[in-house]
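What follows is a set of notes on a single structure, which appears directly below.
Nothing in this text is a laboratory measurement; each read-out follows from the coordinates by a stated rule. Because the structure is predicted, anything quoted here is derived from the model rather than measured. Cβ atoms come from the backbone with ideal geometry, glycine included; neighbour counts cover every protein chain shown.
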Amino acid sequence: MSDKPESGDKIVKTDEEWRQELDSESYRVLRGKGTERAFTGEYNDLKEQGMYNCAACGEPLFSSDTKYDSGSGWPSFFKPADSGNVSEIADNSHGMNRTEVVCSKCDSHLGHVFPDGPPETGMRYCINSVSLDFEKEE
Ligand code: FE
């Protein structure tokens, strides 16, 4: 895997290591491609300035500058902080054709991206709160 060598090494851990590091809900979503229930995540309504990092590896993923209220029930962003920090993968599970979003550094599941976002990019990165770790801007 050398598509983004400037970002440093990938983080690779065994399933058992992830299971020990993450709480059960984070593990279910991040490593099991789960989804938190709509309108239940701690960052859904958060409007503070800062960076949303990967909850599994700490990589900066989304800036509050790109967060908007999509009404979906999940934190929504119109673009990643750095396009190299997230990867998009075709996801045809559950009888739907969706695009999964994962952390490029640790391959953890973040959410999905849909082409119904605001004018800035037209994209909606619909991300689970438990996949993120908010770092407030001082
Ligand atoms: Fe990560």
Checklist outcome for this item: Residue by residue through the stretch 130-137, the couplings from Karplus 6.51 cos²θ - 1.76 cosθ + 1.60 with θ = phi - 60°, in Hz, x for Gly and Pro, are 5, 7, 10, 9, 6, 10, 5, 6
Item to check | Per DSSP, loop trypsin sites (Lys or Arg not before Pro) in the stretch 37-90 with at most 13 further Cβ within 10 Å | outcome: Arg37, Lys47
Checklist entry - When the C-alpha atoms of the stretch 35-138 are aligned to their principal axes, what extent does each axis show, in angstrom, from largest down? => result 43, 29, 27
Checklist entry - What is the local net charge at Asp91, summed over the other residues whose Cβ is closer than 10 Å to its Cβ (Lys, Arg +1; Asp, Glu -1)? => result 0
Checklist outcome for this item: Here the convex hull volume per residue of the stretch 24-82, taken over Cα atoms and given in Å³, is 91
Item to check | Partners for Lys13 among lysines (Cα-Cα distance below 22 Å; same-chain residues under 8 apart left out) | outcome: Lys4, Lys33, Lys105
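In percent, how large is the relative contact order of the stretch 67-108, given Cα pairs closer than 8 Å and 6 or more residues apart? Present the calculation step by step, with values, prior to reporting the outcome.
Details: 43 pairs, mean separation 11.5, N = 42.
Here the relative contact order equals 27 percent.
List the relative contact order of the chain as a percent without decimals, with contacts defined as Cα pairs under 8 Å and 6+ residues apart.
Values: 272 pairs, mean separation 37.4, N = 138.
Dividing the mean separation by the residue count of the chain yields 27 percent.
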Checklist entry - Between Ile11 and Glu48, what length in nm is gained on full extension when 0.36 nm per residue of separation is reduced by their alpha carbon distance? => result 10.5 nm
Next on the checklist: Taking the alpha-carbon distance from Lys47 and a cut-off under 23 Å, which lysines remain once sequence neighbours fewer than 8 residues away in the same chain are dropped?
Outcome noted: Lys67, Lys79, Lys136
